[in-house]
Amino acid sequence: MKLEAIPRLSLGYLPTPIEKMDRLSAELGISLSVKRDDFTGFGGGGNKVRKLEYLMADAVAQGVKVLITTGGHQSNHARMTAAAARKYGMKPILVLRGNRPDLYQGNLLLDHLFGAEIDFLDPDAYFTEINPRMAHHAAQAEARGEKAYIIPLGGASALGAMGYVNAVKELSEQYAAAGTPAPRYLVAPVGSGGTLAGLHIGCSLYWPDTEVVGIAVTGSAVPFSERIAVMANAGADLLDLEKRWTADDIRIENDYIGPGYSIPSDEGNAAIKLAGNREGMLLDPVYTGKAFAGIMGCVAKGSIEKGSSVLFIHCGGSPALFPYAGLLTSDLAG
Ligand SMILES: Cc1ncc(COP(=O)(O)O)c(C=O)c1O
């Protein structure tokens with residue numbers, strides 16, 4: 001099937017702008033632009049809006065009444081999914097990793113304002129329990145006669161990945177209209193991997209000379225390069241493409257995770273301050289700050305060459321800044 005033939009709802013404010021970052025470019029010695037997918041807008045915005053355009057089209061077509069997904073306390077994906085559920089008259093149920101906090105902050109506050117039912121799972125039990133918990137909520141809904149739909153962690157599926165195939169199509173049109181050659185590198189954070197899978201498929205179609213670089217922000221039992229290759233191949237099947245990926249085709253930088261998923265790193269925090277101070281651009285401590293630290297690290301190591309053109313996909317996430325206020329202002333102490 002052609003990309004245009006896959007059912008898609010219009011949720012985001014697209015196309016999102018591309019911003020040239022002159023000060024950061026001069027400081028890092030590269031030609032840096034940022035695709036502002038933090039401005040997709042819907043439900044507070046971010047990368048998942050693009051995935052949800054495809055996933056919600058499928059859910060709406062199936063007459064879904066209860067939409068279930070999962071993520072961490074500060075999951076941007078869960079927040080945007082809750083908003084999308086409401087937009088289409090569905091009830092959102094979120095299975096979140098972490099105990100019920102005293103104060104609902106950041107994304108958790110927004111989940112509450114979207115009226116999501118939140119099922120908090122003890123962090124130790126989370127990885128063995130997520131699928132059974134989501135299945136349990138789906139079974140309960142079905143027993144009430146309400147059609148349920150489970151969106152996997154991060155919306156990471158072949159269908160969700162179409163959002164970023166569409167993003168590369170959008171980018172290639174924007175660059176062509178501006179008369180700008182395709183960038184040498186396209187860089188994005190990697191959480192569940194769906195964004196990167198979509199970028200690989202999209203680049204194979206529209207920007208074959210651009211190298212996709214993923215910066216991991218979390219560890220994973222199965223290496224990301226393998227998981228993303230599998231997802232990209234499933235996406236290629238959807239689009240009737242012959243192209244196939246193996247783990248060796250997927251470049252992932254694993255040195256910028258810091259102490260762990262959603263635990264801020266010093267390099268990430270420094271990148272947040274640098275982007276804010278040079279360009280007035282907000283990054284976040286869970287995803288984009290670490291990914292930006294990854295760009296800086298690769299430039300320092302030479303694995304992104306000085307002078308090269310780099311397009312960073314800003315995936316959003318600024319609601320998660322607020323719960324980390326204490327850490328991010330530690331320089332004020334004393
Ligand atoms: C702000 C932000 N950046 C990056 C990602 C990672 O995207 P993916 O899960 O597609 O790898 C997420 C995922 O939730 C996100 O919220």
Phe114: more than 28 Å from Ile313 (Cα to Cα) and not hydroxyl-bearing (Ser, Thr, Tyr), yes or no? no
I'd like to know if the stretch 108-120 contains one or more residues that are among the charged types (D, E, K, R) and either assigned by TED's automatic domain parsing to the domain that holds Gly202 or without any contact (Cβ under 8 Å) to a residue 24 or more places away in the chain (or both). no
Please pick out the residue among Gly72, Gly43 that is within 15 Å of the ligand (Cβ to nearest atom) and not assigned by TED's automatic domain parsing to the domain that holds Asp284. Gly72
Checking the condition among the small types (Gly, Ala, Ser), surrounded by fewer than 22 Cβ atoms within 10 Å (Cβ to Cβ), outside the structural domain of Val286 (by TED's automatic domain parsing) and over 27 Å from Tyr324 (Cβ atoms), which residue from Ala141, Ala148, Ala125 passes? Ala141
Condition check: basic (Lys, Arg) and buried (at least 21 other Cβ atoms within 10 Å of the Cβ). Does Arg133 satisfy that? no
Could you list all residues from the stretch 126-144 that are without any contact (Cβ under 8 Å) to a residue 60 or more places away in the chain and touching a Lys or Arg at 6+ places or on another chain (Cβ under 9 Å)? Tyr126, Phe127, Arg144
Among the listed residues Ala167, Ala148, identify the single one that is on the phi < 0 side of the Ramachandran plot, touching a Leu at 6+ places or on another chain (Cβ under 9 Å) and away from the ligand (no atom under 16 Å from the Cβ). Ala148
Could you list, in sequence order, all residues of the stretch 176-221 that are more than 14 Å from the ligand (Cβ to nearest atom) and closer than 17 Å to Leu153 by Cβ? Ala221
Considering every residue within the stretch 95-102, establish whether at least one is in contact with a Pro (Cβ under 9 Å, 6 or more places away or on another chain) and within 16 Å of the ligand (Cβ to nearest atom). yes
Hand me the list of strands (runs of 3 or more DSSP E) wholly inside the stretch 1-100 holding 1 or more residues that are free of Cβ contacts under 8 Å to residues at least 60 places away in the same chain. 18-20, 91-97
Does the stretch 246-257 contain at least one residue that is in contact (Cβ under 8 Å) with a residue 40 or more places away in the chain and away from the ligand (no atom under 15 Å from the Cβ)? yes
Condition check for Gly191: in contact (Cβ under 8 Å) with a residue 60 or more places away in the chain, in contact with a Gly (Cβ under 6 Å, 6 or more places away or on another chain) and farther than 25 Å from Asp240 by Cα: yes
Those residues of the stretch 279-297 that are more than 16 Å from the ligand (Cβ to nearest atom) and surrounded by 24 or more Cβ atoms within 10 Å (Cβ to Cβ) come to a total of 0
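The values are calculated or read from the model by the stated rules, or taken from the named source; none is laboratory data. It should be emphasised that the depicted structure is a prediction, and the values quoted were computed from it without experimental measurement. Every residue, glycine as well, gets a Cβ built from its backbone with ideal geometry; the counts of neighbours run over all protein chains shown.
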